Every structure is written in C-alpha cells, then in structure tokens.
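Here the structure is laid out as structure tokens; the discussion comes afterwards.
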Amino acid sequence: MANDLQVLNALDVAKTQLYHFTAIVIAGMGFFTDAYDLFCISMVTKLLGRIYYHHDNALKPGSLPPNVSAAVNGVAFCGTLAGQLFFGWLGDKMGRKKVYGMTLMIMVICSIASGLSFGHTPKSVMTTLCFFRFWLGFGIGGDYPLSATIMSEYANKKTRGAFIAAVFAMQGFGILAGGMVAIIVSAAFKGAFPAPAYEVDALASTVSQADFVWRIILMFGAIPAGLTYYWRMKMPETARYTALVAKNLKQAANDMSKVLQVEIEAEPEKVAAISEAGGANEFGLFSKEFLRRHGLHLLGTASTWFLLDIAFYSQNLFQKDIFSAIGWIPPAQTMNALEEVYKIARAQTLIALCSTVPGYWFTVAFIDRIGRFAIQLMGFFFMTVFMFALALPYHHWTLKDHRIGFVVMYSLTFFFANFGPNATTFVVPAEIFPARLRSTCHGISAAAGKAGAMVGAFGFLYAAQPTDPKKTDAGYPPGIGVRNSLIVLGCVNFLGMMFTFLVPESNGKSLEEMSRENEGEEETVAEMRATSGRTVPV
C-alpha cells in the first residue's frame, strides 16, 4: 500500500529540478560544517602544544602529551557517536525537520564556545576545549542520520544515490575550507608578527598573538552552519515521514504539491485504510520481525562502516612521514609556531584537493550507474591492495628514491576510500530500512563507524609506535611498528569487502520496495475486506 500512494509515486518519478539542488545545498552545508569542525583540529594541535606545553631548554617545541592529544582529537568523535544514536532515534520519533534545526544550533554555539575556551593554565584551556568539542560532536552526530534520511526521502528513484552522495561529498569541500582558512589566518598572522625559528630562539618562536590563530580557525565553523539555519527551518517535513509515520496523507500531499509544483491528490479515502492496515507492520527495532527482515542488513551496514573507519581514520599514521619525506613539512625546530600551522594546513589541503575531493565526486557520478554494491566492493578491494602494497615492501618506500611512489600509493588509498565505502556506507542505510526506523538505523550504522574511527585514530596511533622503546614518540609505549600496522589494516579492509555481501543493492528501487514497507499491510487489507465485506482501497 505504501508504494501505491500518489504522493510517494510523484517523488519517485519526479524530474530533477530546483528543489533537489536546494535540498542538496541545505543538507550539504551541514556536512560541510561537520567536516570543517572535525578536521580543523588536526591543523592546530601542534600549535596548542607549542603554546601550552613549552619547556625551557627542550630540543624540540612543546607538544601535547599523549593523553591530552587523544582527548583533544578524540572527544568530538565520542560526542558524534552519542549524537548519531540520540538524534537518529529522535528523528524517527519527532520528525526529521523538528530535530534538524536543533543539531545546527548546537554546532553554531559549540563552534564559537570552542574558540572561546577560557582559562590561562594548560589544564583549564584543554578541559574547556574538550568539553565544548564533545557537544560540538554531539550536534555533528545528529547531522549524519538526519541529512541522509531527508535527502533519501526527497529524492527520486533514478538519481537518489547521487543526491545522497552529493550531500556527503560536501565533506570534501569542508576539509578544503578548513585547510584554506588555516592557511589564510596563519599567513596573515605570520606576516604581521614575524618570529624566529624554534632552534634560533625557542621562546620568541611562538608569539603571544598565536593564541588567537587556533581560536579563529575553530570559531569559523559557526559561519556556514549559522547561514544554513534559516533555510533548514523553511524546508517542509519529508512526505514519507508525514505519510507513513505521522499518517497525515493530506499534509504530505500539500507539502509536496508546493515543492514539486504539481497538483497531488490528498487521497482522503486512503487515510483510514493506511491507519487500520498499518498496525500489522509496526514492528519495533528490537522485535523478531525486524531481526528477520533487516537484521543482516543492519549488521552489514554497521560492520562495513566500522571497518571502513578503522582504515580511513588510521591514515594519519604515516601522513607525517609522507609530508616530511617530500619536504612539505620540515622538522618542527626549524620553524616558528605560525609557520608550522601554515605548512601543515597547506599539506593537508593539497592531499584533499588531489585525492579526497575527486574520490567523493567520482562516487556521485557513478553510483546510480554501476550501483552501491559494486562501488563499495571495488573500494574495499583496492584499499586492501594498496595497504598491502605499502606494507609488504615498506622499507622500499622509505628510501629517498621511492618516496614519490609512496605518496602516489597513499593518495590512491584515499581516492578509493572516497570512491568506495566512505560514501556508500553513508548512502545505503538511508535507503534500505522502513521510514519509521530509517533515521534510527542510519544513526546506529554511523555510530558503529565512529567507534571504528576511534579505534583507527587512537588504537593504531599506539600500535604504530616502533618496537624499540628508544625510538617511540614521547610518552608512548612500544607498539608493533608501521609496517605491521599496515598489514593489519589491509586485513581490516579485506573483512570490509566480505561484510559488503550482507548489504543489498538499492539502485533504481523505491524506498518502500527496499524496506518492504507494505509487506504485511496487503495481507491485513485482504483480511479487512473478507471480514467487513467493504472495499478497502490499495
């Protein structure tokens, strides 16, 4: 019955028009901000170490202790995981639109508050920074299930994958924007307040004005989020939520008539039928019926996202080696504080420009042509190949003559992550679950991903330390080394490829067909006809 409603059929067959692109921009700006806020911290952690953890007569500039570094970089991931679960559930209970504005306001307030982290001692500044970045992550987490669900429920069958992927692809522009803002701000302060290198004058190498730099970079994330708030509040609730969850077909028809600029019948005769028949299909998330229909699907979407993010967020293991090897980032003691921010931002921006952003948009271009399954399987396959190709002859790649090849392999790993599972793991959970559980299931899948991100970013930061205790970074215990870490990551990617077989292909199918939204309703309608002797429209 669900896929016989005129309002849903109109959405499925609608031609691509202005409202589609408006929805992409409105939802995409949230992801632009998400990526900016999550990734900009990596550009200022070295600066935070120089400012707040300077030690007189040390040979190298101050750096964040391992536990502080893990907290500053990882607390937003913890908030994101919590936000994905909470707002995913709330989006199904209250509606997508009502919750959508909440997440954005949390992001605006906490972006500003992060930059205003108060106190003079390292402990007070880091504590308040971590507090506000946790709640910033909480707002960001809500954006994942809501943006994906809203875009999937607005889109037509033919280009739905590209539209959802385009929203996610705005992450690439957010990462680019973070790098560009850091470059501009650090270059401006570097020109206005010249300073010697650390090895020339350790104390003077970090000017007092450098404290404004990291604050400005963090607070800038509030601007795109704030600009989007008005437009988010003007978006109508999605027709699928209004019709299938709120059971208000008249409102759904009115909303979509305005959006699609076509006349859609309210179909009042179907209101009673969908209300009476719907009870047979109202199973919950923890029911046996959900387990039977979608248990393996949820395992597939959650496990592949978890495994993908372990590999994706562990890439920074050898990022510093690459940047140093090709001369993009000289030794820290040969630069002043602002120069180091500038060069780190420049290097990360170049990587994003050359591999991250193109990978996202390759997915947008091909996802509705070759399907989600093929792209995800291909991405995991090539990530496995390139991880092992980096790991097995690791010594070969560390030699000076082969460093360019190392950079190319590294970039290709990133490219196939984005033209692969990094995009498809976001798209598929928004398509294959019932409307009343869609946001919740996407939130669970995304939260599994963030758990993987924490394992990748911090577990492997410790694992990749050299086996020789004398060669480890300050404060870290011995690990298994970069080569062995890369071999483990290759195995993780191979597992991701295997778990992909649990995820169904949703290309070209309606959301109701994929989620089996009306399975059980048709039997109920037949029973109603037989017992009541009246006609029940389907």
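If we keep just the residues of the stretch 134-173 that are open to solvent by 20 Å² or more (accessible area, probe 1.4 Å) and without any contact (Cβ under 8 Å) to a residue 60 or more places away in the chain, which is farthest from residue 312 (Cα to Cα)?
Only one residue fits best here, namely 135.
Considering only the stretch 310-319, I want to know if a residue exists there that is modelled with pLDDT of 90 or more, under 30 Å from residue 440 (Cβ atoms) and surrounded by 17 or more Cβ atoms within 10 Å (Cβ to Cβ). Full working, then the answer.
Looking only at the stretch 310-319, we keep the residues that are modelled with pLDDT of 90 or more, and these are 310.
Among the residues that remain, those that are also under 30 Å from residue 440 (Cβ atoms) are: 310.
Now restrict to residues that are surrounded by 17 or more Cβ atoms within 10 Å (Cβ to Cβ): 310.
The answer is yes; a qualifying residue exists.
Might you let me know whether the stretch 508-517 holds any residue that is touching a Ser or Thr at 6+ places or on another chain (Cβ under 7 Å) and either at pLDDT 85 or above or open to solvent by less than 50 Å² (accessible area, probe 1.4 Å) (or both)? Before the answer, list the steps.
Applying the first criterion (touching a Ser or Thr at 6+ places or on another chain (Cβ under 7 Å)) to the stretch 508-517 yields 511, 514.
Then keep just the ones that are either at pLDDT 85 or above or open to solvent by less than 50 Å² (accessible area, probe 1.4 Å) (or both); that gives 511, 514.
Within the stretch 508-517 (the criterion being touching a Ser or Thr at 6+ places or on another chain (Cβ under 7 Å) and either at pLDDT 85 or above or open to solvent by less than 50 Å² (accessible area, probe 1.4 Å) (or both)), the answer is yes, since at least one residue qualifies.
Going by the structure shown, is residue 505 among the charged types (D, E, K, R), modelled with pLDDT of 75 or more and surrounded by fewer than 17 Cβ atoms within 10 Å (Cβ to Cβ)? Give the steps one after another, and end with the answer.
Working: among the charged types (D, E, K, R): yes; modelled with pLDDT of 75 or more: yes; surrounded by fewer than 17 Cβ atoms within 10 Å (Cβ to Cβ): yes.
Against the criterion (among the charged types (D, E, K, R), modelled with pLDDT of 75 or more and surrounded by fewer than 17 Cβ atoms within 10 Å (Cβ to Cβ)), residue 505 qualifies.
Residues that are under 21 Å from residue 155 (Cα atoms): which helices (runs of 4 or more DSSP H) entirely in the stretch 416-510 hold 1 or more of them?
Details: elements: 421-427, 435-454, 460-463, 481-499.
Counting at least 1 such residues, we get 421-427, 435-454.
For residue 75, all conditions in the list (1) in contact (Cβ under 8 Å) with a residue 40 or more places away in the chain; (2) touching a helix residue (DSSP H, G or I) at 6+ places or on another chain (Cβ under 6 Å); (3) under 30 Å from residue 259 (Cα atoms) hold save one; what is the number of the exception?
(3)
Report, ordered by the first and then the second residue, all pairs with beta carbons closer than 8 Å, sequence separation of six or more or different chains, a first member in the stretch 48-59 that is modelled with pLDDT under 90, and a second member that is open to solvent by 50 Å² or more (accessible area, probe 1.4 Å) and hydrophobic (A, V, I, L, M, F, W, C).
As it stands, the answer is 54/203; 56/203, since those pairs meet every condition given.
If residue 119 satisfies every condition in (1) modelled with pLDDT under 90; (2) buried (at least 18 other Cβ atoms within 10 Å of the Cβ) but one, which is the exception?
Residue 119 satisfies all of (1) modelled with pLDDT under 90; (2) buried (at least 18 other Cβ atoms within 10 Å of the Cβ) except (2).
Which one of these is under 20 Å from the mean Cα position of the chain (by Cα), surrounded by fewer than 21 Cβ atoms within 10 Å (Cβ to Cβ) and assigned to a helix (DSSP H, G or I): 131, 86?
Details: 131 fails: under 20 Å from the mean Cα position of the chain (by Cα).
Step by step, each of 131, 86 is checked, and only 86 is under 20 Å from the mean Cα position of the chain (by Cα), surrounded by fewer than 21 Cβ atoms within 10 Å (Cβ to Cβ) and assigned to a helix (DSSP H, G or I).
Mind checking whether some residue in the stretch 370-380 is aromatic (Phe, Trp, Tyr) and open to solvent by 40 Å² or more (accessible area, probe 1.4 Å)?
If we filter the stretch 370-380 for residues that are aromatic (Phe, Trp, Tyr), which is where we start, we get 373, 380.
Checking the rest, the ones that are also open to solvent by 40 Å² or more (accessible area, probe 1.4 Å) come to 373.
Among the residues of the stretch 370-380, at least one is aromatic (Phe, Trp, Tyr) and open to solvent by 40 Å² or more (accessible area, probe 1.4 Å), which makes the answer yes.
So which residues in the stretch 45-75 are part of a loop (DSSP other than H, G, I, E, B) and either of a type outside the set (S, T, N, Q) or crowded, with 17+ Cβ neighbours inside 10 Å (or both)?
Going through the stretch 45-75, the residues part of a loop (DSSP other than H, G, I, E, B) turn out to be 53-65.
Across the stretch 45-75, the qualifying residues are 53, 54, 55, 56, 58, 59, 60, 61, 62, 63, 64, 65.
Going through 403, 369, 346 one at a time, which residue ends up being at negative phi, of a type in the set (Lys, Arg) and without any contact (Cβ under 8 Å) to a residue 40 or more places away in the chain? Break it down stepwise before answering.
On the way: 403 fails: without any contact (Cβ under 8 Å) to a residue 40 or more places away in the chain; 346 fails: without any contact (Cβ under 8 Å) to a residue 40 or more places away in the chain.
The unique qualifying residue is 369.
Hey, among the residues in the stretch 34-44 that are open to solvent by less than 20 Å² (accessible area, probe 1.4 Å) and under 18 Å from residue 338 (Cα atoms), which one's farthest from the chain's Cα centre (by Cα)? Before you say what the answer is, go through the steps one by one.
Filtering the stretch 34-44 for residues open to solvent by less than 20 Å² (accessible area, probe 1.4 Å) gives 34-38, 40-41, 43-44.
Then keep just the ones that are under 18 Å from residue 338 (Cα atoms); that gives 40-41, 43-44.
On the way: 40: 14, 41: 15, 43: 18, 44: 20 Å.
Checking each candidate, the answer is 44.
Counting only residues that are in contact (Cβ under 8 Å) with a residue 12 or more places away in the chain, assigned to a helix (DSSP H, G or I) and open to solvent by 60 Å² or more (accessible area, probe 1.4 Å), which one in the stretch 206-232 is farthest from residue 108 (Cα to Cα)? Outline the logic, then answer.
First, pick out the residues of the stretch 206-232 that are in contact (Cβ under 8 Å) with a residue 12 or more places away in the chain: 206-207, 209-222, 224-229, 231-232.
If we keep only those that are assigned to a helix (DSSP H, G or I) too, we end up with 210-219, 222, 224-229, 231-232.
If we keep only those that are open to solvent by 60 Å² or more (accessible area, probe 1.4 Å) too, we end up with 212, 216, 227, 229, 231.
Values: 212: 19, 216: 14, 227: 10, 229: 10, 231: 15 Å.
Only one residue tops the list, namely 212.
Test residue 415 against the stated conditions and say whether it is open to solvent by 30 Å² or more (accessible area, probe 1.4 Å), closer than 20 Å to residue 380 by Cβ and aromatic (Phe, Trp, Tyr).
Values: open to solvent by 30 Å² or more (accessible area, probe 1.4 Å): yes; closer than 20 Å to residue 380 by Cβ: yes; aromatic (Phe, Trp, Tyr): yes.
Yes, satisfied.
Of the residues in the stretch 174-203, how many are open to solvent by 60 Å² or more (accessible area, probe 1.4 Å) and under 16 Å from residue 61 (Cβ atoms)?
Number satisfying all stated conditions: 5.
The values are calculated or read from the model by the stated rules, or taken from the named source; none is laboratory data. Note that the structure is a prediction, hence the values are computed from the model and not measured. So basically every Cβ, Gly included, is an ideal-geometry build from the backbone, and we count neighbours across all protein chains shown. Only protein heavy atoms, including side chains, enter the accessible area calculation; ligands, DNA and RNA are left aside. Shrake-Rupley method; radii C 1.70, N 1.55, O 1.52, S 1.80 Å.
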